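Engineer: Sending over a structure as C-alpha cells; questions will come in a sec.
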Amino acid sequence: MAEPTGQTAFKRRRRIRRTVHFGEPLPPGAHTFRAAWLCGPALVWVTMFMLVPLLFVVALSFAQRGDAGEIVWRFTWENYERLFGHGSLGFDPVQPLILARSLGVGFATAGLCLLIGLPVAFFIASLPRRWKSVALTLVVIPFWTNLLIRTYAWQLLLSPEGWLADILTTAGMIPAGTALYPGWPAVMVAMVCDYLPFMILPLYASVEKLDWLLAEAAADLGASPGRMFWHAVVPQIRPGMIAGGVLVFLPATGQFVIPDLLGGAKLALLGNAVQQQFGSSRDWPFGSAIAVVALLVMVAGLWLHTRVTNGRREVSLP
Amino acid sequence: MIRRSPATALIALLVLVFLYAPLVVVIIYSFNTARYGAEWHGFTVDWYLRLIHNDPAIAATINTIELACTSTFFSVLLGSILAYGMSRYEFPFKRLFHHVLHVPVFIPDIVMAVALLLFFAVLRKWLAGFELGMTTMTLAHITFQIPFIAIVVRARMADCDPQLEEAAADLGAGPWLTFRHITFPLMVPGIVAGGLLAFTLSLDDFVVSFFTSGPGSTTLPILIYSSVKRGLTPDINAIASLIVIVSALTVVTVAWLRGRTEVKT
C-alpha cells in the first residue's frame, strides 16, 4: 500500500503520536484505565452536582404542586401547558410573553453587541502587536468584575440625580427629576454593557485571521465599499459573528440580576420567572418547567456554536 | 494589512468609556459624603473607615474569602488533573464528556442555582445533613469552577510542543521524571491563571450563592444585593469598589502571567 501523503498522513501521524505514551505503545485498555483515574474524579463531580440536579429539575417539571406549596409526585403536563398559555380561564398570555420577551431581549442584545463590537474588533486588529494585548486586557477586565456591581452602578448612572438625567433634562428631553430606570432602555443598556466583551473577543479572533487580499481583489474589480464588506469580508468573519452572538444570546436570555434591578416587575424574563416560582410563589414544579425551557434554549445555542466552530475551541475564554 | 481609520478609533474609545463607566462611577461614589441617592455632596474616605466597624460586612468578607479559597483549592486539584487526562489520553465517549463538562459554563446561573437548591433539598430528605450553608455553597462553586480551570489548563497544554516530552523520553526519562521536569512545569502557568480566574468567579458569584446559602453564610455579593434591594447603599459603594479593584488586579495579573510565559513560535 502506498504511503498516504498530505492531510491524511498528517492526521494518521497525529493519531499515532497520541497512542504512543512516552515511547511505549499502550494497549487501548490501558489508556482508558489511566484516563479513568485522571478524568474520573472531576467528571463524577460534574455529573453528580450538575447533571443529576438537572435530571431532578426535568423530573420535577412533570410533578404537581400541593395546596401548601409541597411537591406532589403525580405525572402531569400541566406545567408546560401553563407555560404556553393554557390558563384556568382560557388563554393566559403572561407566561408565553415572558418567554417571547426573553428571546427578544437575547436577540436584541446580540444584535446591538454585534453592531457595536464590529468596529471595535477591526480597530483592535489594526493595532500593533504590543497594543493588541493591552486592548484585549482592557476589554476583559469589566467582564471579570462583578455583574451585580456593574448593574447596580447603572442604577447610580441612570438615577434622577445622575449625570445622564441632568444632560437629558437640560436638553429638554425629559422632565426634571425623572429616573431613567426601571424600563426597557435601562435593561438594554446594562445588557449591552455587560455582554459586549463576549462579542468583541470572538469577533476579534475572526478579524485577526481575515485575508485582506480578497477584499482588495473585490475593490480592484470595482466593488463599492459596502459590497466589498458584504461579499468579501462578512463571509470570512461569519464564524466569529455567530460564536459571539451565541455567547451573548445565551446569558442575556437567562439573565436574572439585570431585569431584577433595572427592569422592574413588568419586565420579568425567564430567569426572574424561575426565581419567583422557586421563591415567593413556592411553585417548584412550574419553576422547573420554566428552567427546562431555558435549558432547551441553551442546548440549541450550544449546538449552533459547536457547528460553527467545528468544536475547535468551544469557549473563547478571555 | 488593516488600515486604521479615525472612525473605528473613535468608536473604540467610546466603547471603552461605556464599558468602564459603571466601574468608575461606583468608585467615585464610594468617596461621596451623601448618605442616600446619587447626588454629589463632597469628598470623604469615611465609608472605607467605617467598614472596619461594620460587623455584617466583615463577616461577609470572611465568608467570601473562605468560600473562594476552599472551592478554588479543590477545583484546581480536580480541574488540572482532568485537563492533563483529557489532553493526553483517548477514551470512549470522550466527546460526550467534553460536552458534559461545558454544561456549567453555558447554563444560565439561575437554572444551575435552582437545580442545586432542589438537589440539596432532596439530599437533605434522603440522607440528613446538607443544610444550606458554607458546605453547600462550596460544593456549588467547585462545580462551576472545574470547567474553567480545565479549559485554561488544556489551552496551555495545547500550546506546548509535545516534542519536549518525547525528547525527555528519548533521553531516558521515565514517565514520572518526564511529568515532573517537563510536563508539570509547562502546566504551571495555566494552573495559576486558571486558579486566579476561578477565584474571581467565586468572589463574584451572586446567583448560585444566593440560592445555596443559609443563615450565617452571607457573602459580599449577597450582602450587596440585599442592601441594593432595600435601598440602603452608602457603605455598599466602598465594599463594591474594593471588590472591583481586587477583580481587576487579578485579571491584570493573569494577563501579565500569560504574556510573560507565552510560548514563542
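Read-outs: derived from the displayed coordinates by stated rules, not from any lab. Note that this is a predicted model, so its numbers are computed, not measured. Please note: Cβ atoms are built from the backbone with ideal geometry, for glycine as well, and neighbour counts cover all protein chains shown.
Engineer: Tell me which aspartates and glutamates have Cα within less than 19 Å of A:Lys266's Cα, excluding those fewer than 8 residues away on the same chain?
Structural biologist: Candidates past the 8-residue exclusion: A:Asp92.
Engineer: Continuing with the same structure: With the Cα gyration tensor of the stretch A:51-125 giving a ≥ b ≥ c as the square roots of its eigenvalues, does the rule (a/c under 1.5 for rounded; else a/b larger than b/c for prolate; else oblate) give rounded, prolate or oblate? Show your work: numbers first, answer last.
Structural biologist: Values: a/c = 4.92, a/b = 2.13, b/c = 2.31.
In terms of gyration-tensor shape, oblate.
Engineer: Based on the Cβ-Cβ distance of B:Ile245 and A:Ala179, what FRET efficiency does E = 1/(1 + (r/R0)^6) give at R0 = 41 Å, to the nearest 0.05?
Structural biologist: Details: r = 28 Å, r/R0 = 0.68.
Between B:Ile245 and A:Ala179 the formula returns 0.90.
Engineer: Still on this structure, please answer the following. Place a +1 charge on the Cβ of each Lys and Arg in chain B and a -1 charge on the Cβ of each Asp and Glu, then give the dipole magnitude about the Cα centre in debye, rounded to the nearest 20.
Structural biologist: Numbers: 17 positive and 16 negative charges, 76 e Å.
Rounded to the nearest 20 debye, it is 360 debye.
Engineer: Pick from A:Ala36, A:Ala289, A:Ala268: which is most flexible by mean-square fluctuation in a GNM of chain A where alpha carbon atoms under 10 Å apart are linked?
Structural biologist: Result for chain A, Cα springs under 10 Å: A:Ala36 fluctuates most.
Engineer: Averaged across the residues of B:132-143, what count of C-beta atoms belonging to other chains lies within 10 Å of each residue's C-beta? Write out the running numbers ahead of the final one.
Structural biologist: On the way: counts 0, 0, 0, 0, 0, 0, 0, 3, 3, 0, 4, 6.
Per residue, the number of nearby Cβ atoms from other chains is 1 on average.
Engineer: Here's something else I'd like to know. Set the Förster distance to 41 Å, then compute FRET efficiency between A:Leu296 and B:Ala34 from the Cβ-Cβ distance, nearest 0.05.
Structural biologist: Numbers: r = 46 Å, r/R0 = 1.13.
Computed FRET efficiency for A:Leu296 and B:Ala34 comes out at 0.30.
Engineer: Step through the residues of the stretch B:93-100 one at a time and calculate ³J(HN,Hα) from phi using the Karplus curve (6.51 cos²θ - 1.76 cosθ + 1.60, θ = phi - 60°), rounding each to whole Hz and writing x for Gly and Pro.
Structural biologist: Values per residue, Gly and Pro as x: 6, 4, 4, 4, 4, 4, 5, 4 Hz.
Engineer: Based on the Cβ-Cβ distance of B:Leu96 and A:Phe33, what FRET efficiency does E = 1/(1 + (r/R0)^6) give at R0 = 25 Å, to the nearest 0.05?
Structural biologist: Taking R0 as 25 Å, the efficiency between B:Leu96 and A:Phe33 is 0.85.
Engineer: Let me have the relative contact order for the stretch A:21-130, percent, based on Cα pairs under 8 Å that are six or more residues apart.
Structural biologist: Details: 38 pairs, mean separation 11.0, N = 110.
So the answer I get is 10 percent.
Engineer: Starting from the amide H of A:Ile71, placed 1.01 Å from N in the peptide plane, find each other amide H under 5 Å away whose residue is 5 or more places distant or on another chain.
Structural biologist: A:Gly66
Engineer: While we're on this one: Under 5 Å between amide H atoms, partner at least 5 residues away or on a different chain: which partners does A:His86 have, H built in plane at 1.01 Å?
Structural biologist: Close amide H contacts, sequence-distant or interchain: A:Asp92.
Engineer: Moving to a separate point now. State to the nearest 20 debye the size of the charge dipole of chain A about its Cα centre, where the only charges are +1 on K and R beta carbons and -1 on D and E beta carbons.
Structural biologist: Numbers: 24 positive and 17 negative charges, 291 e Å.
Here chain A has a charge dipole of around 1400 debye.
Engineer: Is the shape of the stretch A:165-318 best called rounded, prolate or oblate, per the rule: a/c under 1.5 gives rounded, else a/b larger than b/c gives prolate, else oblate, with a ≥ b ≥ c the square roots of the Cα gyration tensor eigenvalues? Mind dumping the intermediate values first?
Structural biologist: Details: a/c = 3.47, a/b = 1.42, b/c = 2.44.
In terms of gyration-tensor shape, oblate.
Engineer: Below 8 Å between Cα atoms, with a sequence gap of 6+, how large is the relative contact order for the stretch B:55-261 in percent?
Structural biologist: On the way: 196 pairs, mean separation 69.0, N = 207.
Relative contact order for the stretch B:55-261 comes out at 33 percent.
Engineer: A further question on this structure: Rank these for me by crowding, B:Asp170, B:Asp55, going from fewest to most other beta carbons within 10 Å. Walk me through the numbers on the way to the answer.
Structural biologist: Working: B:Asp170 11, B:Asp55 7.
With the sparsest Cβ surroundings first, the list reads B:Asp55, B:Asp170.
Engineer: Shape call for the stretch B:1-159 from the C-alpha gyration tensor, a ≥ b ≥ c root eigenvalues: rounded (a/c under 1.5), prolate (a/b greater than b/c) or oblate? Please list the in-between numbers first.
Structural biologist: On the way: a/c = 2.50, a/b = 1.23, b/c = 2.03.
Oblate.
Engineer: Now, a different point. Relative contact order (percent) for the stretch B:93-210, with alpha-carbon contacts under 8 angstrom and 6 or more residues of separation?
Structural biologist: Values: 72 pairs, mean separation 41.1, N = 118.
Reported relative contact order: 35 percent.
Engineer: Next question. Testing the spin-label approximation: label points 7 Å from Cα along Cα→Cβ at B:Trp126 and A:Thr47. State their distance in nm.
Structural biologist: About 1.4 nm, to one decimal.
Engineer: Could I ask something else about it? Quick one: check the C-alpha center-to-center distance for the stretch A:49-117 versus the stretch A:274-299, whole angstrom.
Structural biologist: About 5 Å separates the Cα centre of the stretch A:49-117 from the one of the stretch A:274-299.
Engineer: Also, quick follow-up: Per residue of the stretch A:234-246, in order, report the coupling 6.51 cos²θ - 1.76 cosθ + 1.60 (Karplus, θ = phi - 60°) as ³J(HN,Hα) in whole Hz, putting x for Gly and Pro.
Structural biologist: 4, x, 6, 9, 4, x, x, 5, 6, 4, x, x, 5
Engineer: In nanometres, what is the gap between the two model label sites at A:Glu208 and A:Arg238, each 7 Å from Cα along Cα-to-Cβ?
Structural biologist: 2.3 nm
Engineer: Mind checking the angle between helix B:6-29 and chain B's longest principal axis? C-alpha axes, 0 to 90 degrees, to the nearest 10.
Structural biologist: 60 degrees
Engineer: So how do B:Ile245, B:Ile224 line up by other beta-carbon neighbours within 10 Å, fewest first?
Structural biologist: Details: B:Ile245 13, B:Ile224 23.
Going from sparsest to densest Cβ surroundings: B:Ile245, B:Ile224.
Engineer: Also, quick follow-up: What are the ³J(HN,Hα) couplings of the stretch A:207-213, residue after residue, when phi is run through the Karplus curve with 6.51, -1.76, 1.60 and θ = phi - 60°? Round to Hz, x for glycine and proline.
Structural biologist: 4, 4, 8, 4, 8, 6, 4
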